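Values in this text are rule-based calculations from the coordinates and carry no lab data. Keep in mind that what you see is a predicted model, and the values were worked out from it rather than measured. Neighbour counts are summed over all protein chains in view; Cβ atoms, including those assigned to glycine, are modelled from backbone coordinates with ideal geometry.
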Amino acid sequence: MANHNDYPPPLPAHEVMDLIRDAQAGDRSARAKVVLHNMRLVCSICVRYRKWAPLDDLIQEGSVCLVRCVDRFDTERGTQFSTYATLAVSRTCWKMIEHLTKVRRKETVRHFDLHKECWQPAIDLGQYDVQNSWALEQNPRLRQALSTLDERERAVLFSRLERRKLKVIGQKLGICKERVRQIESRALQKLSAKLNGQDHPLSLRSVEMMT
């Protein structure tokens, strides 16, 4: 794991400006020197965000951002390079965290598979549990009604029938428990409309009795 003490201390501001001008003119060694002497700054910024993303990955992204900063920095605006780089690296860290959050959320939903043993529902439309096969065969109307629900509605309904808490289901699906409650209510309302032709939702108990 990178440590800010692994890198040399920052250079004086006027020397940084001269090096950046040389780097923008094509001097690669000048660019490398600016980046190297500002890696302590990158590390100190990335440490603030390590709660939400791996520190080594943050530092790697931050160093790439630092190279771009050297190429894009306007030496005539009167702004210190360290100020410009701090804002840019911080923004890069946040973008990385946002990306990781979206990826994790998608993976949570994708891995919430109703056919996996660890999350096998009491009722399934195609490959249902043996103990419920007779009940579903005897209740084709229920089978047909369940087919009107989308995957997430079935996941919530089956989980609630298994006495799983709203918060636990929400964590599995990457949504809040109030959203789980809304999905459950919508699923029960759909079942009621299909089975009874009524708009008001069924209760979980009534659905359980049908199985």
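The overall shape of the range 4-111 is prolate: from the C-alpha gyration tensor, with semi-axes ordered a ≥ b ≥ c, the ratio a/c is 1.5 or greater and a/b exceeds b/c. Put in order of Cβ neighbour count within 10 Å, fewest first, the listed residues R141, R40 become R141, R40. Note on A32 and S82: their simple-model spin labels are 2.5 nm apart, each label 7 Å out from Cα toward Cβ. Counting only lysines at least 8 places from K95 when in the same chain, those with an alpha carbon closer than 22 Å to its own are K51, K106.
The ranking of C176, C46 from fewest to most other beta carbons within 10 Å of each one's beta carbon is C176, C46. Full extension of the chain between R105 and N5 gives 32.5 nm of extra length, using 0.36 nm per residue less the Cα-Cα distance.
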